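Structure first, commentary second.
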Amino acid sequence: MNKIPVMRPKLPVADQILPYLRYIDVGRTYSNGGPLVAELETRITRLLRSPAGGIVCTGSGTAALVCAILASSGRARAARPLAIVPGYTFIATASAVEQCGYRPYLVDVDEMSWMLDPERLIAHPLLDHVGVIVPVASFGKPPQQEAWRRFARRTGIPIVIDAAASFEACVASPEQAIGDIPIALSFHATKSFATGEGGAVVTSDIALADRARQAMNFGFYGARNSQMPSINGKMSEYHAAVGLASLDSLYERQAAFRAVADCYRRYFNDVTMADNFHGFPEVAGCYALYLCQTSAETTAVHTALERFGVDFRLWYGSGLHNHAYYKDVERDELPVTEDLARRLVGVPVACDLSASDVSRVVAAIADGVRRDKIMPSIVNSKNNAIVGYA
Ligand SMILES: *Cc1c(COP(=O)(O)O)cnc(C)c1O
């Protein structure tokens, strides 16, 4: 029995990229805002119905976060050394704020949304020491533009939303997802829209977008004179070539992800477990998530997935503070993060995942859930060692 991989990305094949590569051969521009990056930005601008200049393509999603932070709040200052990030996210969120000189401070997420709750955060006792807040649109949910704009207006604290996986949500309802608050997208190979490595800062605040563009390119603006803190965060023409080819088949790929999520829903429905499945369009097409109900059920589901030859992943690990480097990170108590991170299991997705593979994944989970119901104590005593997948 072949193991079903948790993710098998499929980017455009060589023949689809070739016309764009030939264009590079002729023009001999390889980076620094060449014509292909410009074309990619224009096409994304049109897709997201954004104002001209509001999309800044970058070398990675993390670079997009760094540039958006440098453009909004700048580097950390002594009076406001902290950056609030959720405990439940991918490492990049914390890494980005550190690259801008901030000390990450972890706050717990809301149990229903899996995200920071701006209404609760407004009363946080440390806000006077916070220079920037980086909420995460978990698993490609729509960025909560309006709620964070209100928060920024009330507190004066700059906000940058890590919306790494939210490209589809932005395309689906740009007027809700895009606004003054800058968002950072990732075009990493594992995301639904991919350039291999890549990302973008997206905002309707064009002055802010210009600063992000400057932060991305050594602080240069017009002249070779560095005028602000910066990195080299540029996207190359080669990555833009992949991105343009990806855009050529955007709707086919989206339809394929939708079909896989619908297939999951049908099979989960057959075993009356559809309520605990979270897939496209609630989250990005590149994620299929099963929310186990208890810790014991989680253990049983992990064991069953392994027995059925199904790879799975806890996409956000078991909370940032459980990574070695962040073990002493400053933080609130994180009970929801701890609980969610364990129970929310990432199961296989690919745009060409077969119905029989989906059926095997659902059978495995159903088996784990059933065993936990019948004899939880036995399952747990036999399998109390859980393999962690990061
Ligand atoms: C993918 C991802 C990133 C990082 O993007 P890169 O393009 O790999 O740098 C950041 N945050 C979250 C939540 C992500 O899922």
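The values are calculated or read from the model by the stated rules, or taken from the named source; none is laboratory data. Remember, it's a predicted structure, so these values are computed and weren't measured experimentally. Positions of Cβ are backbone-derived with ideal geometry, glycine not excepted, and every protein chain shown enters the neighbour counts. Note: accessible area is taken over every heavy atom of the protein model, side chains too, but ligands, DNA and RNA are not part of it. Shrake-Rupley method; radii C 1.70, N 1.55, O 1.52, S 1.80 Å.
Applying a threshold of 8 Å to beta carbon distances and a minimum spacing of six or more residues, or different chains, the list of pairs starting in the stretch 41-65 at a residue that is in the same structural domain as residue 168 (by TED's automatic domain parsing) and ending at one that is within 16 Å of the ligand (Cβ to nearest atom) and hydroxyl-bearing (Ser, Thr, Tyr) reads 59/236; 60/186; 61/186; 62/95; 62/186; 64/58; 64/186; 65/93. Given (1) within 16 Å of the ligand (Cβ to nearest atom); (2) more than 13 Å from the chain's Cα centre (by Cα); (3) open to solvent by 10 Å² or more (accessible area, probe 1.4 Å), identify the lone condition not met by residue 190. Only one criterion is unmet by residue 190, namely (2). Please count how many residues of the stretch 83-133 are under 28 Å from residue 291 (Cβ atoms), over 15 Å from the mean Cα position of the chain (by Cα) and part of a strand (DSSP E or B). Count: 6.
Taking the criterion of being within 14 Å of the ligand (Cβ to nearest atom) and either among the aromatic types (Phe, Trp, Tyr) or free of Cβ contacts under 8 Å to residues at least 24 places away in the same chain (or both), the residues of the stretch 137-185 that qualify are 139, 167. Among the criteria (1) surrounded by fewer than 14 Cβ atoms within 10 Å (Cβ to Cβ); (2) assigned to a loop (DSSP other than H, G, I, E, B); (3) more than 25 Å from the chain's Cα centre (by Cα), the one residue 29 does not fulfil is (1). On the stretch given as the stretch 81-113, residues that are in contact (Cβ under 8 Å) with a residue 40 or more places away in the chain, within 12 Å of the ligand (Cβ to nearest atom) and open to solvent by 10 Å² or more (accessible area, probe 1.4 Å) total 4. Residues that are of a type in the set (Lys, Arg) and not in a helix (DSSP H, G or I) were ranked within the stretch 319-369; the one that is least open to solvent (accessible area, probe 1.4 Å) is 331. A single entry from 236, 249, 204, 230 fulfils the requirement of being open to solvent by 40 Å² or more (accessible area, probe 1.4 Å) and either of a type in the set (Phe, Trp, Tyr) or touching a helix residue (DSSP H, G or I) at 6+ places or on another chain (Cβ under 9 Å) (or both): 230.
Residues in the stretch 45-79 that are within 15 Å of the ligand (Cβ to nearest atom) and part of a helix (DSSP H, G or I): 61, 62, 63, 64, 65, 66, 67, 68, 69.
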